[in-house]
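Asks: Here it is, the structure in full.
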Amino acid sequence: MLDDAEVERVLVVTAHPDDVDFGAAGTVAQMTDAGIEVSYCVCTDGQAGGFDAAVSRAEIPAIRRAEQVAAAKVVGVHDVRFLGYVDGDLEPSRELVRDLVRVIRQVRPQRMLVQSPERWWDRIGASHPDHLAAGEAAVRALYPYARNPFAFPELLAEEGLQDWVVRELWLMAAPNADHRVDITETFDRKIAAILCHQSQTPRRDEIEPLVRGWTAGNARAGGLPEGRLAEAFRVHQTG
């Protein structure tokens, strides 16, 4: 694995607003605390989310974008990009892959965090079809397209975006995680980030114990001492 000292920039790609906060906000907080610049790229505007029928569907994209920007600030992230795809209709299309290649070449990260493109049957809720599509598109964008100077030539000709090699890939919600990050010290910020998504959290008092249970389980699976909390990833070297 890359040492954090070798990492200047990290790009996180997710399907929906709030995905990164449930999946990796504690880890992101540690990275930004260490001086790493983290950028978020959210593929959809979460149009299918929410619980309040009194809120017009037309209002949801702006609400969810604002919530994600606020949540990002809690963990030290100030670059949040939205691709504007429709929640529930996401596919790893050529257009989505191209848009992600664009962001990779703009941000030029050494490390990417993306949702696993592999379905996790033991925790099916983590494998929303949009998550799988965002993960597959991000992996395709990372390899081979972002590093291939002849892929999507319009990005170079029209936007001056040079090819870029991402050296490391971290998969969130992967069924075969092999790396745990101890987030005990940043857990409160993770919860605060999740709670920024007010349109998605009707039972707000249930969030902390639910997430604490998940992260405690991750810590136990990683052999961490009792009482520790962790986020889990599958890590691959790609450089």
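Asks: Taking the condition crowded, with 24+ Cβ neighbours inside 10 Å, more than 18 Å from E231 (Cα to Cα) and touching a residue at least 60 places away in the same chain (Cβ under 8 Å), does R64 pass?
Replies: So R64 fits the description; yes.
Asks: Does L90 fit the bill of being assigned to a helix (DSSP H, G or I) and aliphatic (A, V, I, L, M)?
Replies: no
Asks: Exactly one condition in (1) surrounded by fewer than 21 Cβ atoms within 10 Å (Cβ to Cβ); (2) of a type outside the set (S, T, Y); (3) at pLDDT 95 or above is not met by I104; state its number.
Replies: Of the numbered conditions (1) surrounded by fewer than 21 Cβ atoms within 10 Å (Cβ to Cβ); (2) of a type outside the set (S, T, Y); (3) at pLDDT 95 or above, the odd one out for I104 is (1).
Asks: Related question: Would you confirm whether any residue within the range 11-19 is touching a Pro at 6+ places or on another chain (Cβ under 6 Å), assigned to a helix (DSSP H, G or I) and under 25 Å from S199 (Cα atoms)?
Replies: no
Asks: Does S116 count as out of contact with any His (no Cβ under 8 Å at 6 or more places or on another chain) and either modelled with pLDDT of 95 or more or buried (at least 20 other Cβ atoms within 10 Å of the Cβ) (or both)?
Replies: Criteria not met by S116.
Asks: Follow-up. If you go through the range 178-195, how many residues are in contact (Cβ under 8 Å) with a residue 60 or more places away in the chain, surrounded by fewer than 21 Cβ atoms within 10 Å (Cβ to Cβ) and either on the phi > 0 side of the Ramachandran plot or touching a Lys or Arg at 6+ places or on another chain (Cβ under 9 Å) (or both)?
Replies: Residues in the range 178-195 being in contact (Cβ under 8 Å) with a residue 60 or more places away in the chain, surrounded by fewer than 21 Cβ atoms within 10 Å (Cβ to Cβ) and either on the phi > 0 side of the Ramachandran plot or touching a Lys or Arg at 6+ places or on another chain (Cβ under 9 Å) (or both): 1 in total.
Asks: For the range 144-162, indicate whether the set of residues that are touching a Pro at 6+ places or on another chain (Cβ under 8 Å), touching a residue at least 12 places away in the same chain (Cβ under 8 Å) and surrounded by fewer than 19 Cβ atoms within 10 Å (Cβ to Cβ) is non-empty.
Replies: yes
The values are calculated or read from the model by the stated rules, or taken from the named source; none is laboratory data. Keep in mind that what you see is a predicted model, and the values were worked out from it rather than measured. Note that we place each Cβ from the backbone using ideal geometry, even for glycine, and neighbour counts take in every protein chain shown.
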